[in-house]
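See structure below.
The values are calculated or read from the model by the stated rules, or taken from the named source; none is laboratory data. Because the structure is a prediction, the values reported are computed rather than measured. Here the Cβ positions follow ideal geometry from the backbone for every residue, glycine too, while neighbour counts run over all protein chains shown. Note: accessible area is taken over every heavy atom of the protein model, side chains too, but ligands, DNA and RNA are not part of it. Shrake-Rupley method; radii C 1.70, N 1.55, O 1.52, S 1.80 Å.
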Amino acid sequence: ERVAPEELESRVARRAAQLGTGRLVLLRGTAELALVVDLLACLRARCPAILAGPSDPADDVLVERFDPDVVLDATAGPEGSEVVERRTGSVHALHPELALLLSTSGSTGSPKLVRLSRRNLASNAAAIASYLRLAADDCAITSLPLHYCYGLSVLTSHLVVGATVVLGELSVVDPCFWAQCRDAGVTTVAGVPHTFE
């Protein structure tokens with residue numbers, strides 16, 4: 001599905017209005033449109049979001065430990081995210097600049113989250129876009145999960161300049177991934193050393 005900027009804006013605005021403000025939200029999903037809409041809506045509504053992967057075994061622990069006010073599951077299907085309102089309003093005293101909580105890499109058996117402010121996200125996206133000289137005619141593809149900081153930065157750095165992002169879960173070793181790159185005119189493929197090996 002191709003989504004024009006105006007349509008993305010409309011979907012984000014609707015979800016943001018549904019969320020209200022100042023609520024802690026757990027976002028589940030992969031590189032799909034519903035997750036992007038939910039994430040941007042959380043940022044717009046000033047609802048700090050915990051970004052988790054799909055069907056993450058740690059989700060129950062995250063819910064128990066961090067007690068989100070809302071759970072948005074973007075893996076629910078093509079109609080958008082499943083919304084689980086755990087309460088109206090919020091029971092949390094959230095810092096006004098808190099935007100995102102990302103899981104740390106590694107596994108200690110106890111979930112640990114890194115706090116990112118709105119300014120952290122904005123300056124990171126702008127710095128990467130500037131360094132890579134990204135422009136509106138660039139096109140990235142999601143070659144890394146969005147719930148990892150690197151994968152997320154690919155999304156945000158391209159969106160900040162009005163570039164296109166192709167969403168998908170294909171592996172770089174899948175010939176369909178490269179066909180998708182050709183068909184969409186992808187100019188940016190991000191990866192870690194293992195990706196390029």
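Some values worked out for this structure:
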read-out: Of all residues making up segment 151-171, the number that are closer than 17 Å to residue 119 by Cα and open to solvent by 20 Å² or more (accessible area, probe 1.4 Å); value: 4
read-out: Cβ pairs under 7 Å, 6+ apart, first in segment 117-143 and touching a residue at least 40 places away in the same chain (Cβ under 8 Å), second acidic (Asp, Glu); value: 118/97
read-out: Qualifying residue in segment 133-152 (condition: within 25 Å of residue 28 (Cα to Cα), among the hydroxyl-bearing types (Ser, Thr, Tyr), touching a helix residue (DSSP H, G or I) at 6+ places or on another chain (Cβ under 6 Å) and in a helix (DSSP H, G or I)); value: no
read-out: Restricting segment 74-90 to residues that are over 23 Å from residue 148 (Cβ atoms) and among the hydrophobic types (A, V, I, L, M, F, W, C), the residue that is modelled with the highest pLDDT; value: 83
read-out: Residue that is at pLDDT below 90 and among the small types (Gly, Ala, Ser), where the choices are 13, 93, 58; value: 58
read-out: Test: residue in segment 113-123 that is at pLDDT below 95, under 16 Å from residue 35 (Cβ atoms), among the charged types (D, E, K, R) and surrounded by fewer than 15 Cβ atoms within 10 Å (Cβ to Cβ); value: no
read-out: Contacts under 8 angstrom Cβ, first residue in segment 158-185 being over 18 Å from residue 146 (Cα atoms) and in contact (Cβ under 8 Å) with a residue 24 or more places away in the chain, partner outside any helix (DSSP H, G or I) and among the hydroxyl-bearing types (Ser, Thr, Tyr), 6 or more apart; value: 184/164
read-out: Failed item, numbered, when residue 88 is tested on (1) open to solvent by less than 80 Å² (accessible area, probe 1.4 Å); (2) polar (S, T, N, Q); (3) under 30 Å from residue 64 (Cα atoms); value: (1)
read-out: Top-ranked residue in segment 14-65 [being over 18 Å from residue 96 (Cα atoms) and of a type in the set (Val, Ile, Thr); ranked as most open to solvent (accessible area, probe 1.4 Å)]; value: 61
read-out: All positions within segment 1-55 that are of a type in the set (A, V, I, L, M, F, W, C), in a loop (DSSP other than H, G, I, E, B) and in contact with a Leu (Cβ under 8 Å, 6 or more places away or on another chain); value: 3, 24, 31, 47
